[in-house]
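Data first, discussion second: the structure below is written as structure tokens.
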Amino acid sequence: MPAPVDPGTAGASARREFERRRSRREGRIREKHPKLGRLILALGDDPQSTTAWDAGALGEERLGGRLNELASDTLRVLHDRRIPRTRANIDHLAVTATGIYVIDAKRYVGKRPALRVEGGVFRPRVEKLMVGSRDRTTLVDGVLRQVDLVRSLVGDEVPVAGVLCFVESDWPLIGGSFSTRGVEVLWPKKLYRRLSADGSHVPSIADLHARLARALPAA
């Protein structure tokens with residue numbers, strides 16, 4: 001009987017980094033202001049560079065919790081997987097009947113993801129991922145690197161798709177999802193439907209799940 005696979009804990013590494021940064025800041029303030037440190041901490045907020053880790057962890061935790069609820073013999077998930085020889089991680093992996101999905105969870109509350117296309121007839125066509133008014137195309141680059149890594153582990157016979165899933169973003173009532181450079185950009189409920197679709201890779205799901213778990217340990 002094969003050993004059970006540890007799916008990992010969604011958002012674990014981001015949560016640890018948030019706690020580490022917050023603890024380090026508290027330590028510096030208390031050391032510098034022994035008498036007023038508690039008051040300063042009570043009145044002041046953590047810097048954005050610290051709260052961003054909390055926001056990221058929340059997005060991963062919420063998405064991961066729902067993925068765990070949906071998990072079955074034909075939908076197996078892995079969370080927070082360490083990429084060997086780097087400090088990076090993959091937020092979520094889903095092994096399904098239609099293939100493997102590399103899922104990057106992003107939490108931009110109230111911001112709308114959109115595709116901006118520049119160039120065309122006289123200039124090279126360039127696709128940009130905008131979130132609100134900010135260019136976040138580097139998020140697509142990151143997912144594509146993760147897709148290439150996973151594909152190198154499982155071979156070309158299994159479809160591997162990249163997904164950017166925006167949690168708590170401002171999506172329109174009709175439409176809204178799109179694809180850029182092969183990466184799907186969508187919201188959680190649409191992702192769940194995609195992962196639950198019927199497909200032809202059912203016999204290999206358990207083996208693929210175990211192989212990815214061995215190659216990409218929990219972070």
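Derivation of every value follows stated rules applied to the coordinates shown; laboratory data play no part. All values derive from a computational prediction rather than experimental measurement. Cβ sites come from the backbone with ideal geometry, for glycine too, and all protein chains shown count toward neighbours.
Annotations for the structure displayed:
- Per-residue HN-Hα couplings for the range 101-116 [Karplus 6.51, -1.76, 1.60; θ = phi - 60°; Hz; x = Gly/Pro]: 10, 9, 10, 9, 8, 10, 10, 10, 5, x, 9, 9, x, 8, 9, 10
- In this calculation the C-beta distance from D148 to R30 is compared with R0 = 41 Å, giving a FRET efficiency of 0.35.
- Principal-axis analysis of the Cα atoms of the chain puts helix 205-215 at an angle of about 40° to the longest axis.
- Short-range pairs are left out: with C-alpha atoms under 8 Å and at least six residues apart, the relative contact order of the chain is 24 percent.
- With neighbours defined as other Cβ atoms within 10 Å of a residue's Cβ, the residues K128, K32 order from fewest to most as K32, K128.
- Degrees between helix 48-70 axis and first principal axis of the chain (Cα, 0 to 90, nearest 10): 40 degrees
- Applied to the range 181-197, the Karplus parametrisation 6.51 cos²θ - 1.76 cosθ + 1.60 on θ = phi - 60° returns per-residue 3J(HN,Hα) values of 6, x, 9, 7, 10, 7, 10, x, 4, 5, 4, 4, 5, 5, 6, 8, 5 Hz, with x for Gly and Pro.
- Helix axis angle, 12-32 relative to the chain longest principal axis, alpha carbon, degrees: 10 degrees
- Counted by Cβ distance under 13 Å from H209, the other residues give a net charge of +1, where Lys and Arg count +1 and Asp and Glu count -1.
- Dipole magnitude of the chain, debye to nearest 20 (Cβ charges: Lys/Arg +1, Asp/Glu -1, about Cα centre): 960 debye
- By the count of other C-beta atoms within 10 Å, a proxy for reagent exposure, S152, S13, S196 are ordered fewest to most as S152, S196, S13.
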